[in-house]
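A short write-up of the structure that comes next.
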Amino acid sequence: MRADTARYVAGRLGTAAVLLAALSLVVYAGVDLLPGDPASARLGPDATPEQLAAARERLGLNEPLAQRYLEWAGGLLHGDLGTSANGTPVAGMLAGRLGNTAVLTALTILLLVPLSLLLGVALGRRAGSRVDGTGSTLLLLTTAVPEYLVAGVLALVLGAQSGWLPATSLVPAGDSPLVHPEVLVLPVLSLLWVSLAYATRVIRAQTLTACRAPHVEAMRLNGIPERAVLCQGVLPAVLPAAAQIWLVTSAGLLGGTVLVEIVFNYPGIGKVLVTSVSTGDLPVVQALAMLMGALTLLATIAADVVGTAVGRTRSV
Amino acid sequence: MSPSPAMPSPPVTRRTLLALLGVGAATAAAPALTGCTSDGAAAPTVTGAPTGEPGRGGTARLAFAGAGAAESLDPTVGTSPCDLARYSVVYDTLFFFADGQAKPALATSAEADTEAESCTLALRRGVTWHDGTPFTAADVVHTLAYRASPDRVSPSELAAYFDLAAAEAHGDHTVVIPTRRPVGDPATLLAGAGLYVIKKGTSSFSAGKVVGTGPYRVTAFKAGVETRLERHDDYWDGAGYAEKVVLLSVDDAQARVNAVKDGQADYASDISFTTAKAGPPGTGLQIRDAGKNARTTYGFVLNVGRDLPSDPRVRQAIKLGIDRKALVEAVFLGYGAPANDLFGAGAKYYLDDVPVPGRDVAKAKRLLKEAGATGKPFVVRTAEYETGLNSAAGLFVEQLRGLGLDASLVKVTTAEGYDPAGMKACDAISFPLGPVSLALTYTRSAAFKTLAFPDEELEKAVATALSTTSEADRAEAWAKAQRVMAERGNWVAWGRGDVLSLAKEKLTGIENRESPKYPWLGKVGFVA
């Protein structure tokens, strides 16, 4: 079983490497098709066509796509994320911001794990009751509300209208957002709102299935106290699926904070992505897409491995 | 695993749904009840800042749209309002614009020689850098060479007129720049070029090292987040009022408004017309406009390389047939006025007496028919460079259809807006322009083949206006150029919109120089 698991993990990592290579190709070629190019992003709308042509030549944009891709991918292997249209190294532009987005994601997950587990198990055990009916419908409705709307309403009601919390997450230069926890509250709440509903619904469903499983029924018939049934019968069946959901959600959150970051002006990578796409700063977009894709891939594999480790599921 | 569905849910009953919808509606209504004040007429705005001497001290926090992680302390890199607001208080230019005219800053005069082969700059004496060293001609020579280097991000428009790299210092306070073609009014060209003077030897721009001659010096900087500035007490034009200035980079207009509303900022630049219409969002706050001369002109440039726009009758028909008032109402919500098809309002030499064309739909339709344009396809291209440009283009297309053209709309992103190949396939292109000098107004659009208006009389007039050293000849040449554009040109500039901001009532000293979107903050402060 151990050797089997190790072989499985190695296999997954091998697949991941192949997928990452494929991803880099898709990202590079796909972003290259986006409107704008580093030359026009660099020179702005006031440049004459002659100046643009000269800049393209200087930046090597007239080289064939394959050659540019190979140079870029080679740089990635050495940890070089490239140079933005305005000449700044991309790694430097993302450095502090990646950390800021990670703070948002980590705090959301920290709250998401206990809350979704509590809510999901509580609803699942009361399946069919009025509490479950109301709770599940509420969750269904919250998943239906887009996150920018949630963020916008929170910013308006708790921020700008009441003045309880800052509606704009202004972090003084040189400080980490953790030094100013008040700027994190509303962004984290908005992210939690959307992810909580999804995770809770999955956990609720798992609890429901576990509660009806033969081993749980056997434990109950043997007169084992309900508390022990929950801890030894239900939770072990629920946790692997829950862990997978939490991992996948955290990967999704890293890339999914974009809208929330825009609404609150939070200095994370989501904002960089939007600015770069709108100004046509393609090297930054390529680096970010690659980074987010790689993180999602890693989280998915981690979820698979967790599933395997407890012998639950295995995707081939 | 059990084959049961992954997510068995209890049925959603009508009763639970209705009950929850009720709760939802109540929640949604809460902000609406307190948020809106009134509809109908535009809420009045205040022009400019309160008068009266501001007190010394305090921290002024101002929010501008920025460029995220791409912002820079290098004044040749940034183009966002937040970047430019920062450059203009940290650095000085040789000349700056005030009331549409070039005024001396680090240079006290710029004289073109009689053969117009070079230009001599006399520099201000007694200016010191933030590190206490004196400002000299060597700094200007370094700035010009730095600007001209091919390694710079963007080429300077000045390079067409001056051989920047060949500039020489004559003594400590004189610089001579060779010209590439006759330059009649070098001060105006230099004022409009965003030429921020950097210190000799500067090659890196990090927060601890950057020095300028401006009224504030940088103490901390984080791209796309904020810039912290402290007063430079030895500023040559008199020290500022606020002890500290904080520039906040906030891209979303609503987020800027929120920052002022909840007390995190004292000023939000460039707010939306909708926000203004709802009135000041709190006590002690006011909505300001930058004044009539600082409005942004919204319009379309007709591509005369295409069949329909090349016909003067079609151009005239469009100018006569569109409903400017409807466009102004719909886009500016009352914060603006119809325009007379000329860009450049607010600049020196702008022709104020050209009337807004009266609407004559019958004549427009007749002209289109005569030109054989009725029923022909007409493509309008737009990108949201300014709030409302796209909706204006949509309305414009509807109005053109009403005149009998088979008009259609192409919406593109701002990154591809001025893509030459894309523009070539369109008959009209959205074009906004702030109150910049006529030299810039007329050279910028002429740089693009698809936007230019090839007309002998116009080209001659613009060339004269740029090269003549005589003030009277220049005024006459600009008048001629503008009459050509008004009479038969390819501009359909339909309206001018206010540039609005939200500010604390006590905040003063916001000065419009180059553009109200990044005002000069050297004298910002609070009145008692």
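Taking interchain pairs and intrachain pairs at least six residues apart, which have beta carbon atoms under 7 angstrom, with the first residue in the range B:249-272 and over 20 Å from A:Val153 (Cβ atoms) and the second aromatic (Phe, Trp, Tyr) and surrounded by 24 or more Cβ atoms within 10 Å (Cβ to Cβ)?
Close Cβ pairs (under 7 Å, with a partner that is aromatic (Phe, Trp, Tyr) and surrounded by 24 or more Cβ atoms within 10 Å (Cβ to Cβ)) amount to B:Ser249/B:Phe64; B:Ser269/B:Phe64.
Out of all the residues in the range A:162-199, which are of a type in the set (Val, Ile, Thr), part of a helix (DSSP H, G or I) and within 11 Å of chain B (Cβ to nearest Cβ)?
Correct list: A:Val183 only.
Tell me yes or no: at least one residue of the range B:374-385 is hydroxyl-bearing (Ser, Thr, Tyr), over 30 Å from B:Ala65 (Cα atoms) and out of contact with any strand residue (DSSP E or B) (no Cβ under 6 Å at 6 or more places or on another chain).
Yes.
Out of everything in the range A:61-79 that is modelled with pLDDT of 85 or more and charged (D, E, K, R), what residue ends up being surrounded by the most Cβ atoms within 10 Å (Cβ to Cβ)?
In this case the residue turns out to be A:Arg68.
A:Ser136 passes all but one of (1) more than 9 Å from chain B (Cβ to nearest Cβ); (2) more than 18 Å from A:Leu253 (Cβ to Cβ); which number fails?
Failed condition: (1).
Please find, within the range A:100-147, the residue that is surrounded by the fewest Cβ atoms within 10 Å (Cβ to Cβ) out of those that are more than 14 Å from A:Leu192 (Cα to Cα) and of a type in the set (D, E, K, R).
Residue satisfying both the conditions and the ranking: A:Arg130.
Considering only residues that are within 24 Å of A:Ala22 (Cβ to Cβ) and facing chain B (nearest Cβ under 10 Å), look in the range A:247-280 and name the one that is surrounded by the most Cβ atoms within 10 Å (Cβ to Cβ).
Among those that are within 24 Å of A:Ala22 (Cβ to Cβ) and facing chain B (nearest Cβ under 10 Å), it is A:Ser276.
How about the range A:141-183: which of its residues are small (Gly, Ala, Ser) and within 20 Å of B:Ala268 (Cα to Cα)?
Result: A:Gly152, A:Ala155, A:Gly159, A:Ala160, A:Ser162, A:Gly163, A:Ala167, A:Ser169, A:Ala173.
Just to be sure I understand, how many residues within the range B:255-292 are away from chain A (no Cβ under 11 Å), among the aliphatic types (A, V, I, L, M) and under 23 Å from the mean Cα position of the chain (by Cα)?
Residues meeting the conditions: 4.
Residues in the range A:147-165 that are free of Cβ contacts under 8 Å to residues at least 40 places away in the same chain and within 24 Å of the chain's Cα centre (by Cα): how many?
Selection size over the range A:147-165: 3.
Name the helices (runs of 4 or more DSSP H) wholly within the range A:215-314 that hold at least 1 residues that are closer than 24 Å to A:Ala73 by Cα?
Hits in the range A:215-314: A:235-256, A:269-279, A:282-309.
Return yes when B:Val250 is crowded, with 21+ Cβ neighbours inside 10 Å, of a type in the set (A, V, I, L, M) and closer than 28 Å to B:Leu389 by Cα and no when it is not.
So B:Val250 fits the description; yes.
Are any of the residues in the range B:184-197 surrounded by fewer than 24 Cβ atoms within 10 Å (Cβ to Cβ), in contact (Cβ under 8 Å) with a residue 12 or more places away in the chain, out of contact with any Leu (no Cβ under 9 Å at 6 or more places or on another chain) and within 21 Å of B:Ala148 (Cβ to Cβ)?
So far as the range B:184-197 goes, yes, one or more of its residues are surrounded by fewer than 24 Cβ atoms within 10 Å (Cβ to Cβ), in contact (Cβ under 8 Å) with a residue 12 or more places away in the chain, out of contact with any Leu (no Cβ under 9 Å at 6 or more places or on another chain) and within 21 Å of B:Ala148 (Cβ to Cβ).
Could you please let me know if A:Ala160 is buried (at least 23 other Cβ atoms within 10 Å of the Cβ), modelled with pLDDT under 90 and not acidic (Asp, Glu)?
yes
Scan the range B:441-488 for residues that are more than 23 Å from the chain's Cα centre (by Cα), farther than 16 Å from B:Val183 by Cα and not hydrophobic (A, V, I, L, M, F, W, C) and jot them down.
Across the range B:441-488, the qualifying residues are B:Pro454, B:Asp455, B:Glu456, B:Glu457, B:Glu476, B:Lys480, B:Arg483, B:Glu487, B:Arg488.
Of the residues that sit in the range B:214-254 and are of a type in the set (Ser, Thr, Tyr) and farther than 17 Å from A:Gly174 by Cα, which one is nearest to the other protein chains (Cβ to nearest Cβ)?
Looking at residues that are of a type in the set (Ser, Thr, Tyr) and farther than 17 Å from A:Gly174 by Cα, I get B:Tyr216.
To keep it simple, each residue is scored yes or no on (1) surrounded by 23 or more Cβ atoms within 10 Å (Cβ to Cβ); (2) touching a Lys or Arg at 6+ places or on another chain (Cβ under 9 Å); (3) not β-branched (Val, Ile, Thr).
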site: B:Leu62; (1), (2), (3): yes, no, yes
site: B:Ala67; (1), (2), (3): yes, no, yes
site: B:Thr79; (1), (2), (3): no, no, no
site: B:Leu84; (1), (2), (3): no, yes, yes
site: B:Leu94; (1), (2), (3): yes, no, yes
site: B:Asp99; (1), (2), (3): no, yes, yes
site: B:Pro104; (1), (2), (3): no, yes, yes
site: B:Asp113; (1), (2), (3): no, no, yes
site: B:Ser118; (1), (2), (3): no, no, yes
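The values are calculated or read from the model by the stated rules, or taken from the named source; none is laboratory data. Every value quoted in this text rests on a predicted model; they were computed, and no experiment measured them. Because the Cβ atoms are built from the backbone with ideal geometry, glycine has one as well, and the counts that use them run over all protein chains shown.
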